[in-house]
1. If you scan region 83-96, which residues turn out to be assigned to a helix (DSSP H, G or I) and open to solvent by 40 Å² or more (accessible area, probe 1.4 Å)?
2. For region 320-342, what are the residues that are under 25 Å from His98 (Cα atoms) and outside any strand (DSSP E or B)?
3. Only one of Ser121, Ser105 is assigned to a loop (DSSP other than H, G, I, E, B) and either more than 21 Å from Ile357 (Cα to Cα) or touching a residue at least 60 places away in the same chain (Cβ under 8 Å) (or both). Can you tell me which?
4. If I filter region 241-263 down to residues being assigned to a loop (DSSP other than H, G, I, E, B) and aliphatic (A, V, I, L, M), which single residue comes out as most open to solvent (accessible area, probe 1.4 Å)?
5. Give the number of residues within region 97-108 that are touching a strand residue (DSSP E or B) at 6+ places or on another chain (Cβ under 6 Å) and either open to solvent by 30 Å² or more (accessible area, probe 1.4 Å) or at pLDDT below 90 (or both).
6. Any residue at all in region 291-305 that is farther than 26 Å from Arg41 by Cα and either in a strand (DSSP E or B) or aromatic (Phe, Trp, Tyr) (or both)?
7. Among the listed residues Ile320, Ile280, which satisfies the condition of being over 22 Å from Leu255 (Cα atoms) and either under 20 Å from the mean Cα position of the chain (by Cα) or of a type in the set (Val, Ile, Thr) (or both)?
8. Of Leu288, Leu283, which residue is closer than 22 Å to Thr102 by Cβ, among the hydrophobic types (A, V, I, L, M, F, W, C) and part of a loop (DSSP other than H, G, I, E, B)?
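The values are calculated or read from the model by the stated rules, or taken from the named source; none is laboratory data. None of these values were measured; they are calculated from a predicted model. Positions of Cβ are backbone-derived with ideal geometry, glycine not excepted, and every protein chain shown enters the neighbour counts. Quick note on the areas: whole protein, heavy atoms, side chains included, nothing else; ligands and nucleic acids left out. Shrake-Rupley method; radii C 1.70, N 1.55, O 1.52, S 1.80 Å.
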Amino acid sequence: TLIDAGITTADLLIAVTGDDEKNLLCCVIARKTGHCQTIARVRNPIYNKEIEFLKKEFGLAMIINPELAAANEIARIFQFPSAIRVDTFAKGHVELLHFKVTKGSPLIALKLFNLHQTLHSNVLVCTVIRGDKVIIPNGDFEFQENDVVAIASERRNAIDFFRKIGIQTNQVRNTMIVGGGTIAYYLAKLLAAMKIRVKIVEKDKARCEVLTELLDDALILNGDGTDRQLLLEEGLMTAEAFVTLTNMDEENVFLALYAKENSSAKLVTKVNRIAFDELISKLDLGSLIYPKYITADYILQYVRAMQNTIGSNVETLYHILDGRAEALEFVIREESEVTGIPLMNLNLKNNLLIGCINRGGNIKIARGQDCIQQGDTVIVLTSQKGLRDIRDILRK
C-alpha cells in the first residue's frame, strides 16, 4: 500500500494511526523502501522515556505525542492562571501570553502608544481579537473590555505587567481533573513536580487502580464526573483549577459550564473534534485545549523547516487567534536582505509584526532601530499564512 501511495518518491511520511506500533512499523518500512523522512505519533507512556532511543533506532525525524503536548500546555497555563493560553519561544525564554481585558481593567480606553509610559512595563502587545476581528495593533489602538490580547515578554516582565493591571500571577495550588486518560496521567506527573495538589475523578474502576499505582502524589476518586453532588462534595467550590479531560466533548463543555457557575476555578476544557471550535470558543470556557491542533502545529513546524534548510529555519510555530494567525520563531543562519538593516527601514508585509529578537540568550523586544543579525532567533507574528523563511516577511 505504501508503494502504491508513492513512498519511493515521497519526501516525508507521517504515521498518525491510533496504534503506536503500527506507526513505528510504517516508518521503518518507509525508511527502508523510500529513504524519506518520517514522523510517528507515539502516545503510550511506556514509550515516553525511550523517545530518543526510538528516534535513533527507527531513524525517525520526529515523534509526536499529542497527549503529552496537551499536558505540557495545560501545565504552562497553571503557572500563569490568568492567561488563556501560553506559548513559549527561544527555548522557554520568551512567552506569548493571551489574556482577556476584563471590566474595570486599567487598560480600557488606554492607547497603545501610552502603554509603556503609563505602566512602565517591558512587554510587546502583539495581537488582539475583538469580536470576529483579528488586529495587529498600531500606536493609535485603544483597548476595550473583552478584547483578547496577546503579549510577548520574558516571564519576569510579564509578571510585572499583569500585577500592574490587577491580574493574579501566582500559579494554582490545587486542581480537580475529570477523566483519567493519558492526558490526565501526564498532567498529574507534571503538576506533582510543580507542587500542585491533584485530584482525579474517573468512573472506570480498573483505570482508577492503574492510576493509583502510577501516581503516588495524586488522589484518585472512582466516581462519575457528571455527578454534580460528587463534584461539590469533593471540593469544586474551593478548587483553584478545574480540568475536563473526558473522551466526550459535550461532557467536557457542560462540566466546564457547571464549574464556571459554582466556583472561581481556572477552567481548562479539552476538545477533540474541531467542527464546532468557533461556537465553543464563544462560550467563555477558560482555556480550550485542542490536541489535534497542537499535533498539527508540531508537524507544520518540521515541514516548513524541511522546505528551507539554508537561509533560516522555522524553529517554533503556533497557530493562534483561532487559527487566523501564526506565531513563528526563525533561526537566522546566514546574512540576507533582512539582516543588518534597522527594522523601521524594512519593507514588511501588511499585518506582520516582529516581536522579539533572541541574541545569545539576551532577549530584546524589537524596536524600530534594532537590526536582525546572523545567529539570532526572531519571533514573528502574522496573519499572512505559510511563511517558511525569514525573507518571506518582506514584500516582493
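1. Once the filter is applied, which keeps residues that are assigned to a helix (DSSP H, G or I) and open to solvent by 40 Å² or more (accessible area, probe 1.4 Å), region 83-96 yields Lys91, Gly92.
2. Leu321, Asp322, Gly323, Arg324
3. Going through Ser121, Ser105 in turn, just one is assigned to a loop (DSSP other than H, G, I, E, B) and either more than 21 Å from Ile357 (Cα to Cα) or touching a residue at least 60 places away in the same chain (Cβ under 8 Å) (or both): Ser105.
4. Top of the filtered list is Met248.
5. Number satisfying all stated conditions: 1.
6. no
7. Every option except Ile320 fails the conditions.
8. Going through Leu288, Leu283 in turn, the sole match is Leu283.
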